[in-house]
Amino acid sequence: MQAIQSGDVRYYCFETLSSYNVPHAVITRHGGVSPFPWATLNLGATVGDDLERVKENRRKAFEAVGRDIHAYYDVWQVHSNRVICTHTPRNPEQPHEKADAILTNTPGLTLFMRFADCVPVLLFDPVKKAIGVVHAGWMGTIKQIVALTVEKMISEYNSSPGDIVAAIGPSICQKHYEVGKEVVNEAYISFQSDADIFIRNENGHYLFNLWEANKYLLEKAGVEHIEVSGICTACHLEEWFSHRGEAGKTGRFGVMIGL
Ligand SMILES: [Zn+2]
């Protein structure tokens with residue numbers, strides 16, 4: 001990924017998406033107005049930060065990336081496997097839909113999500129001109145949301161999986177992501193013995209590789225072009241918010257993709 005500085009705000013872009021000129025950004029915690037423990041560019045409205053500050057941070061983020069703040073769609077992220085297709089911005093008067101993946105093929109629209117360790121997956125079909133963003137923590141990963149999102153691109157936009165470009169963004173690394181036995185059990189129910197690929201048992205401590213699991217799901221769905229950032233949020237607290245790395249007292253960083 002490449003870092004871009006825009007005023008006080010710093011964000012990262014994927015090489016593959018940039019090569020297709022897809023407007024997108026994974027926005028670091030720098031350049032906002034929030035104090036500790038949300039310092040500084042917190043875009044999460046449900047983590048205890050003052051809503052006026054969150055609004056100002058959102059304004060700064062959209063301005064830095066050069067996207068219209070009146071033309072974005074976001075959801076209430078609930079660790080589900082629900083995928084939403086939209087043709088319009090979210091009406092700010094309406095409550096958020098509960099979902100964890102958003103798709104569109106409408107030019108001018110920005111899809112927007114918030115993260116702090118969970119995996120952001122960006123999707124782009126250069127042939128059908130459709131985009132998507134997915135939120136996958138361990139629950140979304142086990143529910144295979146990224147595969148359901150690719151299926152939705154096929155049914156909704158007639159996408160061919162081989163055309164789709166996928167990008168797996170900054171999120172928690174395997175070393176930092178110990179999970180309990182109940183998570184391991186659910187992973188083996190969902191993936192059978194293939195869960196061996198991304199769950200490592202280190203002396204009774206189970207470490208879950210969310211990057212590999214989502215890459216595995218994308219490949220199984222037929223996606224061939226996958227860029228993995230390899231950037232861990234908990235390893236780089238100076239750049240990202242990390243739920244694990246900051247013991248739950250932290251903000252949310254933004255991910256955007258547009259057409
Ligand atoms: Zn790490």
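Residues whose amide H falls under 5 Å from that of Tyr206, counting only those 5 or more places apart or on a different chain, are Val179, with hydrogens built in the peptide plane.
Take every Cα pair under 8 Å whose residues are at least 6 apart in sequence, average their separation, divide by the length of the chain, and the relative contact order is 24 percent.
The GluC sites (Glu not before Pro) of segment 59-113 meeting both criteria, a DSSP state outside H, G, I, E and B (loop) and at most 16 other C-beta atoms within 10 angstrom of the site's C-beta, are Glu93, Glu97. Ranked by how many other Cβ atoms sit within 10 Å of their own Cβ, fewest first, the residues Asp49, Asp8 fall in the order Asp8, Asp49. By the count of neighbouring beta-carbon atoms within 10 Å, fewest first, Leu17, Leu123 end up ordered Leu17, Leu123. Close amide H partners of Ala130, meaning residues 5 or more places away or on another chain with modelled amide H under 5 Å apart, are Asp125. Counting only Cα atoms, the size of the chain along its three principal axes is 46, 44, 34 Å, in decreasing order. Each residue of segment 99-109 is assigned a 3J(HN,Hα), and the resulting list reads 6, 9, 8, 10, 10, 7, 10, 8, x, x, 7 Hz, derived from the Karplus form 6.51 cos²θ - 1.76 cosθ + 1.60 (θ = phi - 60°), x at Gly and Pro.
Taking 7 Å steps out from each Cα toward its Cβ at Glu156 and His236 produces label points 2.9 nm apart. In units of the compact-protein estimate 2.2 N^0.38 Å, segment 1-121 shows a Cα radius of gyration of 1.05. Listed peptides 143-149, 190-196 appear in the order 143-149, 190-196 once ranked by packing, highest mean of other Cβ atoms within 10 Å at the front.
Approximating the spin labels as points 7 Å out from Cα along Cα→Cβ, the Glu97-to-Glu52 distance works out to 3.3 nm. The ellipsoid equivalent to the alpha-carbon distribution of segment 123-259 has semi-axes of 26, 20, 11 angstrom, derived from the gyration tensor eigenvalues as √(5λ) and listed largest first.
Using 1/(1 + (r/R0)^6) with R0 = 35 angstrom and r between the beta carbons of Asn21 and Glu178, what's the FRET efficiency to the nearest 0.05? Taking R0 as 35 Å, the efficiency between Asn21 and Glu178 is 0.35.
Every number here is computed from the coordinates shown, using simple stated rules; none is lab data. Please read these numbers as outputs of a predicted model, since none were measured by experiment. Using ideal geometry, Cβ is built from the backbone for each residue, glycine included, and neighbour counts are taken over all protein chains shown.
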